[in-house]
Amino acid sequence: MIDTPSSHPPAAPGAAPADASQPRNIRSFVRRTGRTTVGQAKAFADVGPKFLRPYTGAPMDFAATYERSAPTILEIGFGMGEATAHIAALMPEKNFLCCEVHTPGVGALLKRIDEQSLTNIRILQHDAVEVIDNMLPLGSVDGAHIFFPDPWHKKKHNKRRLIQAPLIAKLAARLKPGGYLHCATDWQPYAEQILEVLSAEALLRNTADASNGGYAPKPDYRPLTKFENRGIKLGHGVWDVVFTRV
């Protein structure tokens, strides 16, 4: 659920600047336009100051950010926040640090946070790659989620896919020993690439055995979204890849 930012985010309290620079080699999104609804804009104003965190380029103090000490899960690209809010409600004992640059998506998750009275989510409206590079210390997070990243279907565009060796090396280094990386996609060629890239990272080990091709059963915490249910009804598969940090 990534690669979907707006080029004109609203000037909401706590939001990152719209013109924040992006890294040249790896980027967690491409730009596209999008409209923010009245409800999303209200959520930016009402709860944005509490749950949005600015990109600072300095290492994060999780205890100060969440006003408690708890396991922290990074999410890269949460789309409209449906799965994020579900998982955060299911796991109130964990902190969720969520990166997304698409303004309507950020507004939608803020609206869900308000409606569901969630307290364990913080949002960085900024490129996740820069967040990883500059704000996440080595061995600092307990897990990472990348659900349904843009598959870039055309072969000539495959190089634009997010999940490639350089990013996975960065993520693996930020996971605590025993921490996990969970990726999911509904595009089989991308699933094969994800499995290959994660398998090649020395710091990671697959949680699944070879009996299912190295793919994991869908963890109970990941919900079936409307998008996924629609795909399943059309006969599309979904592949989960779950690795742990050695």
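Each value in this text was obtained by applying a stated rule to the coordinates, not by laboratory testing. For clarity, every value in this text was computed on a predicted model and none was experimentally measured. No Cβ is skipped: glycine too gets one built from the backbone with ideal geometry, and neighbour counts run over all protein chains shown.
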Q | Centre separation in Å (Cα based) which lies between the stretch 43-99 and the stretch 197-246 | A | 23 Å
Q.
Using each residue's phi in the stretch 158-169, evaluate 6.51 cos²θ - 1.76 cosθ + 1.60 at θ = phi - 60° and report the 3J(HN,Hα) Karplus result to the nearest Hz, with x for Gly and Pro.
A. 4, 5, 7, 4, 5, 7, 9, 3, x, 5, 5, 4
Q: Taking H placed 1.01 Å from N in the peptide plane, check which residues at least 5 places from LEU204 or on another chain put their amide H under 5 Å from its amide H.
A: VAL246
Q. Roughly how tilted is helix 103-116, in degrees to the nearest 10 and between 0 and 90, from the longest Cα axis of the chain?
A. 80 degrees
Q: Could you pull out every one of the lysines with an alpha carbon less than 19 Å from that of LYS218, ignoring same-chain neighbours closer than 8 positions?
A: LYS226, LYS233
Q.
Nearest 10 degrees is fine. How inclined is helix 188-199 to the longest principal axis of the chain, computing both from alpha carbons?
A. 90 degrees
Q: Could you go through the stretch 53-61 in sequence order and give the Karplus-derived ³J(HN,Hα) for each residue, using 6.51 cos²θ - 1.76 cosθ + 1.60 with θ = phi - 60°, rounded to whole Hz, and x for Gly and Pro?
A: 10, x, 6, 10, x, 10, x, 7, 9
Q. Going highest first, how would you order 168-174, 151-157 by mean Cβ packing within 10 Å?
A. 168-174, 151-157
**Q.** the chain: proportion of alpha-carbon pairs further apart than 34 angstrom, %
**A.** 10 percent
Q. With axes computed from alpha carbons, what is the tilt in degrees of helix 38-51 against the longest principal axis of the chain, rounded to the nearest 10 within 0 to 90?
A. 90 degrees
Q) Once the piece of chain linking THR56 and LEU138 is laid out straight, how much longer is it, given 0.36 nm per residue of separation minus the C-alpha distance between them? A) 27.8 nm
(Q) Out of all DSSP beta bridges in the chain, what portion is antiparallel? Express it as a percent rounded to 5. (A) 35 percent
Q) For the stretch 225-233, in order, what is each residue's ³J(HN,Hα) by Karplus, 6.51 cos²θ - 1.76 cosθ + 1.60 with θ = phi - 60°, in whole Hz (x at glycine and Pro)? A) 7, 4, 4, 5, 4, 5, x, 4, 5
Q: Assuming R0 = 45 Å, can you tell me the calculated FRET efficiency for the pair SER69 and LYS156, based on Cβ-Cβ distance, to the nearest 0.05?
A: 0.45
